[in-house]
2 protein chains.
Amino acid sequence: MNKIVRYRDLIEKALSGIILDRKPDRLYQPISYTLKLGGKRLRPILTLMACELFGGNINEAINPALGLEIFHNFTLLHDDIMDEAPLRRGHVTVWQKWDPNVAILSGDTMFALAYKYVSLVKSKNLPEILDTLTQTAIEVCEGQQYDMDFEIRDDVMISEYLEMIRLKTAVLLGASVKIGALIANANNSNTRLIYDFGVNAGIAFQLKDDWLDAFGNPEKFGKNIGGDIRANKKTYLYLKCLEKADNSDRQILVKLFHDKSKSAKKVDDVLKLYAKYCIRQETIDEMEYFFGKSLDLLEQINAPRNLKNEIIEFAEWLYKRDH
Amino acid sequence: MNKIVRYRDLIEKALSGIILDRKPDRLYQPISYTLKLGGKRLRPILTLMACELFGGNINEAINPALGLEIFHNFTLLHDDIMDEAPLRRGHVTVWQKWDPNVAILSGDTMFALAYKYVSLVKSKNLPEILDTLTQTAIEVCEGQQYDMDFEIRDDVMISEYLEMIRLKTAVLLGASVKIGALIANANNSNTRLIYDFGVNAGIAFQLKDDWLDAFGNPEKFGKNIGGDIRANKKTYLYLKCLEKADNSDRQILVKLFHDKSKSAKKVDDVLKLYAKYCIRQETIDEMEYFFGKSLDLLEQINAPRNLKNEIIEFAEWLYKRDH
């Protein structure tokens, strides 16, 4: 994992040099603030690793990697307005610290900056690289809209939920590795395989997020356990429990998720139903399916064993995290 | 002007086929609604004309032209949220008809769709075409932020105002003709000249908008005369009057523009000050300067006389409109 730390440092350093003193202040200060909030830098690390996997020079992939991180942060900025989220990574969100208009416009600018940085690469594949960003951006917006639609729908199916998280979260991980592969001139078959690896791993990571919210280590997760339950968020856990519960329990669960209360008792009541219907294990089974599929796809890729192992190690570290 | 009508029909037809029945509804219906609201379709027409001017095939320029129109409409969608505008082209704005979240996300999707359509061109200049879109998008955001900053500033200089309208409005007209030129493989000198033509004409058109708000034909403009004055908008007219007025009048003008009233008397009082300081003619002089400069630049372009004349005719028709 030394390489991951080195890649992240590389990205942090490059990101911190991007904005500096551009004007107008109220446009660029929120961008600078957002990019400095940190995070795992998962997407740009994946771009660099995929580029290296196919024999590319990671120095050529740095700018597109930054572009993907800027794109991801743009989506967070706009999502936080839509979700009225007060905090992001422990800091006040931009729409709260400045105002919603500033967050809209700084986000728009970050979207354009994402294209700027993804374009800063010498590659005959530039058109396909940019098409990947565009197609991904459209799908991420579709995923976010489905997510908002689900808030007011009572008939969401598990298949629809999985498609929503594929669009909202997973395709950007797919795009991150695909763009790394395209920079390294990987062949079509390998490019497709690494994209599908990223998408399937992304679905597994999101299911793990859902799972941690209910079953994470309380000492590390602290008081945040049950945040999705308090917010009545229809995660995989909720939908699976709804599917398995008998009529009476289903009515109780639906009622709990229409309750505006954020009490510990509500969380307890829901967790008891999850326990009764083995939702802990059901969710593990589902995420194992997607994570296993992602590793199978990675195995099919024609690339050096040691580099494939590094990606597996990174993916397993993300997958096995307990907070 | 028959050609303009033909080009506009071509664009309307192509635009109406773009969205159709894509899902989710709450993402794509607002986009479809926005693109059907009409407008002059100025930007895509300019792209087609510039492409033709340099011997290109306008069929190859249609998709990028659509992309520029989609981009323009994306900026309007987000501007309307920020300005809390109830109407756009006589119809309810998206954030009012749906809600602000829908307008944010549909706008984001339109931004991505703009890239999608601008990319749909077979051209060795594709990287420069996309760079033009990206640089323009960043500048348009900067212009919008300056515009919002000016609302709460009392020390805006005319030079700053001109820079703001260059960024917010004019560079997109420059980009529209530049992209047409790039599709037609115009040489560097011609590409630069047509871009500068578009930017200077764009500044003139915006000054004309400012002018019409105060001095437009009241029969055609109807009750909308003085909308900028009622909204305390610091246009060129206001800033020029501030510059020329004596101390006492300057204080009166500043006070009028801090007044929340939208009364006819307020409009009258401001118009009297504008009359006293010849703001009508001052603004004409300024816009003549930019419009004249744009025509000088066009003259320097090496291209067929008859096609240059068609662009001049179109620009003059836009410039001389009285409503």
Inter-probe distance in nm under a simple model that places probes 7 Å from Cα toward Cβ, at B:ASN309 and A:VAL92:
6.3
Can you work out the FRET efficiency for the pair B:ASP21 and B:ALA275, with r the C-beta to C-beta distance and R0 = 45 Å, to the nearest 0.05?
0.25
Pseudo-label separations to other copies for A:ARG153 - Cα-to-Cβ vector, 7 Å, nm:
4.6
Computed helical MRE - 222 nm, the protein assembly as shown, DSSP H runs ≥ 4 contributing -39500 (n - 2.57), nearest 500:
-24000 deg cm²/dmol
If you count, for each residue, the other Cβ atoms within 10 Å and average over each peptide, how do B:247-254, A:158-165 line up from highest to lowest?
A:158-165, B:247-254
Note the direction-averaged projected area, equal to a quarter of the hull surface, for the Cα convex hull of region B:1-139, in nm².
8.7
B:ASN57 to B:VAL5: extension gain in nm, 0.36 nm per residue of separation minus the Cα-Cα distance?
16.9 nm
Would you kindly give the portion of the calculated P(r) for chain A that falls above 37 Å, as a percent of all Cα pairs?
18
Note: A:140-152 gets an average of partner chain Cβ contacts (10 Å, Cβ to Cβ) equal to 5
Summarise the long-distance tail of P(r) for region A:1-65 by giving the % of C-alpha pairs beyond 14 Å.
59
Residue by residue through B:82-94, how many Cβ atoms from other chains fall within 10 Å of the Cβ on average?
1
How long is region A:107-199 along each principal axis, judged by its Cα atoms, biggest number first, in Å?
48, 33, 14
For region A:127-211, run through the trypsin sites (Lys or Arg not before Pro) and keep only the ones in DSSP coil with at most 14 other Cβ atoms within 10 Å of their Cβ.
A:ARG153
DSSP loop GluC sites (Glu not before Pro) in region A:51-134 with at most 11 other Cβ atoms within 10 Å of their Cβ, which ones?
A:GLU84
Run the label-point distances for B:SER189 please: 7 Å along Cα to Cβ, every other copy, nanometres, shortest first.
5.3
Rounded to the nearest 10 degrees, what's the angle between the helix A:25-35 long axis and the longest principal axis of chain A, both from Cα atoms, 0 to 90?
80
Model label zone, B:GLU316; criterion: amide N under 14 Å from point 7 Å along Cα-to-beta-carbon; scope region B:273-296:
B:292, B:295-296
Please state, to two decimals, what the Cα-based radius of gyration of the protein assembly as shown comes to when divided by 2.2 N^0.38 Å (N = residues).
1.06
Final fewest-first order of B:LYS255, B:LYS233 on the 10 Å Cβ neighbour count is B:LYS255, B:LYS233
Per GNM of chain A with C-alpha springs under 10 angstrom, the most fluctuating residue out of A:VAL121, A:VAL171, A:VAL156 is A:VAL156
Scoring only Lys, Arg, Asp and Glu (+1, +1, -1, -1) among other residues with Cβ under 13 Å from the Cβ of A:LYS276 yields 0
Degrees separating the helix A:126-151 axis from the principal Cα axis of chain A, which is the longest one:
10
Which angle between 0 and 90 degrees, to the nearest 10, do you get for helix A:58-82 versus the longest principal axis of chain A when only C-alpha atoms count?
30
Distances in nm, one decimal, shortest first, from A:SER263 to the same residue in every other copy, taking the label point 7 angstrom along Cα→Cβ.
5.6
Of the trypsin sites (Lys or Arg not before Pro) in region A:46-97, those whose Cβ has at most 13 other Cβ within 10 Å and which sit in DSSP loop
A:ARG89
Region B:128-142 residues near the modelled B:GLU163 label - backbone nitrogen below 17 Å, point 7 Å along Cα→Cβ
B:138-142
Cα-based Rg and Dmax for region B:187-323, in Å, come out at 17.8, 55
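All of the numbers you see were taken from the coordinates with simple rules; none came from a lab. Keep in mind that this is a model prediction, so the values were computed, not measured. Every residue, glycine as well, gets a Cβ built from its backbone with ideal geometry; the counts of neighbours run over all protein chains shown.
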